[in-house]
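Below is one structure, written out as structure tokens, with a few remarks after it.
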Amino acid sequence: METTDISLNKHIVDDARLYAERQGTSLSELIENYLTRLVRKEKRTAGEVPDIVMSLLGAGEPVGDDDINGRKAYREYLKEKYE
């Protein structure tokens with residue numbers, strides 16, 4: 001495995017390392033998986049949103065006009081999930 005030096009804010013790295021531990025993985029693996037998905041050379045159809053973006057958006061569920069930031073929709077999702 002080849003390593004590459006990069007410069008990152010120490011606080012971000014510390015927080016990300018804690019996140020990786022909670023997820024049961026290493027920071028290196030977390031970053032490598034993210035970058036792999038980011039640069040994947042899969043052909044996308046016109047207008048298709050990459051799956052990494054969809055996962056960040058909550059799988060693309062539409063929200064109402066009165067719920068622009070999706071908080072109501074997320075609250076409903078959690079309510080259904082934990083009932």
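The values are calculated or read from the model by the stated rules, or taken from the named source; none is laboratory data. It should be emphasised that the depicted structure is a prediction, and the values quoted were computed from it without experimental measurement. Surface accessibility is based on the protein's heavy atoms, side chains included, excluding ligands, DNA and RNA. Shrake-Rupley method; radii C 1.70, N 1.55, O 1.52, S 1.80 Å.
General observations
- Every residue from segment 4-14 that is over 15 Å from residue 34 (Cα atoms), open to solvent by less than 100 Å² (accessible area, probe 1.4 Å) and assigned to a helix (DSSP H, G or I): 14
- Of the residues in segment 64-76, none is open to solvent by less than 90 Å² (accessible area, probe 1.4 Å), hydroxyl-bearing (Ser, Thr, Tyr) and modelled with pLDDT of 75 or more.
- Scoring residue 49 on the criteria (1) β-branched (Val, Ile, Thr); (2) modelled with pLDDT under 65; (3) outside any loop (DSSP other than H, G, I, E, B) leaves a single failure, condition (3).
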